[in-house]
Amino acid sequence: MGIYKIKDSWYIDFYADGRRIRKRVGSRRDAENALNAVKADILRGEYNFKKDWRIRFEDFEKEYLEYSKINKRSWGRDESSLNRLLPFFKDMLLSKITPLHIEDYKKLRIKKVKDSTVNRELICLQHMFTIAEKFRKFEGKNPVKEVKYFQESQYIMRVLDKKEIKQLIDASSGYLKSIIILALNTGMRKGEILNLRWNDIDFIEDYIYIKQSKSNVTRKIPMNSVVRNTLKNIKRENDFVFHSSKTGTRFTDFFRSFKTACRKVGITDLRFHDLRHTAATLMVMGGIDLVTVSQILGHSTIQMTMKYAHPTPENKRHAVNVLASAFKPEKKEKVVINRSQEQIITHVNPLLSASKVQ
């Protein structure tokens, strides 16, 4: 790093970002001042070169998917979304993708799929740009943030009754049947079931350990006899409980087979996540307290669990009948202590007792 003179011109000579830079400056004093200014910029880390952002979508898509597999619970969904995004954006540079390109993609996709599906793909694309910026593969404003998502109609989750549960299980076969039984008896999410490994199952203590959850908190779920017998009947041919016998890799989705089973028995508007909703509601209807249900489902708050516990007309009627018992006459019962002695024990309704104290 220094200054030098060639004929009548003065130059500064220095290295920055691994590159040697030579610049012609006016007089000797100008060269000295310019070099001092460059030194100060380098020390502050402010002297750098504008990068040539030549990263293609196709190239970074592979890198992002690797990141998703390691860091995201829903990487299977990302993989599916990227398979749809890739044909459209494949040869484009990340730096050249604009909101207008994304609007064109929306117009193309909405002709084939639902609003919600397009939104899931846009979410994936937006996160991909966020990670590209984090890895310094992209500089600028995330183009997806300037695009409006489709307005989705609010989905009302439904609960299967006992008849529908039996019909759905009977209409399923193979791994799908086991997956449905597991979902209905544990309340596990689809991703948690597909990520389940044999070493996550304790057949001695009858527990399933969830290590990859949505909240990133490990939890354990007790196995009932139905779950235990179902898992015992599955052959251990892989680390993953549910995997492809052809490729040896774990299942990433079973959308088509699930919809086929639903269609066979005439069950409409059912998502796989509704099985978790059904399990939660059945537990609450069976008298299980919300705290216990919340821990089984892996919720961080009771408020999250309450949306799964919709009161049924039968439960509401039972609740008011319990209140009505407070107005019934006190019951007197004879209890025989021995043959020669009797004692009258009066059973007082707790609600009446509480009102007397007040």
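Just to check your reading of the model, which residue among GLU164, GLU152 is over 25 Å from GLN212 (Cα atoms), in contact with a helix residue (DSSP H, G or I) (Cβ under 6 Å, 6 or more places away or on another chain) and among the charged types (D, E, K, R)?
Numbers: GLU164 fails: in contact with a helix residue (DSSP H, G or I) (Cβ under 6 Å, 6 or more places away or on another chain).
Answer to the check: GLU152.
Scanning the range 202-223 for residues that are closer than 22 Å to ILE169 by Cβ and either surrounded by fewer than 19 Cβ atoms within 10 Å (Cβ to Cβ) or touching a Gly at 6+ places or on another chain (Cβ under 6 Å) (or both) turns up ASP206, PRO222. In the range 25-42, how many residues are over 54 Å from the mean Cα position of the chain (by Cα), among the polar types (S, T, N, Q) and in a helix (DSSP H, G or I)? Residues flagged as over 54 Å from the mean Cα position of the chain (by Cα), among the polar types (S, T, N, Q) and in a helix (DSSP H, G or I) within the range 25-42 amount to 1. Among the residues of the range 119-141, those that are basic (Lys, Arg) and not in a loop (DSSP other than H, G, I, E, B) comprise ARG120, LYS134.
Residues are listed down the side, and each one gets a yes or a no for (1) modelled with pLDDT under 95; (2) assigned to a loop (DSSP other than H, G, I, E, B); (3) more than 21 Å from ILE267 (Cβ to Cβ); (4) not assigned by TED's automatic domain parsing to the domain that holds THR278:
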residue: LEU168; (1), (2), (3), (4): no, no, no, no
residue: SER178; (1), (2), (3), (4): no, no, no, no
residue: GLY191; (1), (2), (3), (4): yes, no, yes, no
residue: GLN212; (1), (2), (3), (4): yes, yes, yes, no
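Going through (1) at pLDDT below 80; (2) exposed (fewer than 13 other Cβ atoms within 10 Å of the Cβ) one by one, TYR47 falls short only on (2).
Of the residues examined, GLN212 is not one that is within 30 Å of LYS111 (Cβ to Cβ) and not β-branched (Val, Ile, Thr). With a requirement of 3 or more residues that are under 26 Å from SER153 (Cα atoms), the helices (runs of 4 or more DSSP H) lying completely within the range 251-321 that satisfy it span 255-264, 273-285, 302-306.
Looking across the range 103-122 at every residue that is under 11 Å from VAL144 (Cβ atoms) and in contact (Cβ under 8 Å) with a residue 40 or more places away in the chain, the one that is surrounded by the most Cβ atoms within 10 Å (Cβ to Cβ) is identified as GLU121.
Using the structure shown, decide if THR252 is without any contact (Cβ under 8 Å) to a residue 12 or more places away in the chain, in the same structural domain as SER178 (by TED's automatic domain parsing) and within 27 Å of ASP78 (Cα to Cα). In short, no.
Hey, among the residues in the range 245-268 that are loosely packed, with under 13 Cβ neighbours inside 10 Å and within 16 Å of ALA171 (Cβ to Cβ), which one's farthest from the chain's Cα centre (by Cα)? Outline the logic, then answer.
Of all residues in the range 245-268, those loosely packed, with under 13 Cβ neighbours inside 10 Å come to 245-249, 255-256, 263, 266, 268.
Imposing the further condition that a residue be within 16 Å of ALA171 (Cβ to Cβ) reduces the set to 255-256, 263, 266, 268.
Details: PHE255: 17, ARG256: 20, ARG263: 26, GLY266: 29, THR268: 24 Å.
It comes out as GLY266.
Under the condition of being surrounded by 11 or more Cβ atoms within 10 Å (Cβ to Cβ), over 21 Å from the mean Cα position of the chain (by Cα) and part of a loop (DSSP other than H, G, I, E, B), the residues counted in the range 142-158 number 2.
Restricting to the range 256-276, count the residues that are modelled with pLDDT under 90 and either touching a Ser or Thr at 6+ places or on another chain (Cβ under 8 Å) or of a type outside the set (D, E, K, R) (or both). Before the answer, list the steps.
Let us first name the residues in the range 256-276 that are modelled with pLDDT under 90, namely 268-269.
If we keep only those that are either touching a Ser or Thr at 6+ places or on another chain (Cβ under 8 Å) or of a type outside the set (D, E, K, R) (or both) too, we end up with 268.
Total meeting the criteria: 1.
All of (1) in contact (Cβ under 8 Å) with a residue 24 or more places away in the chain; (2) surrounded by 15 or more Cβ atoms within 10 Å (Cβ to Cβ); (3) out of contact with any Phe, Trp or Tyr (no Cβ under 9 Å at 6 or more places or on another chain); (4) of a type outside the set (A, V, I, L, M) hold for SER178 with one exception: (3).
The values are calculated or read from the model by the stated rules, or taken from the named source; none is laboratory data. Since the model is a prediction, treat every value here as computed from it, not as a measurement. Cβ coordinates were reconstructed from backbone atoms using ideal geometry, including for glycine residues, and neighbour counts include every protein chain displayed.
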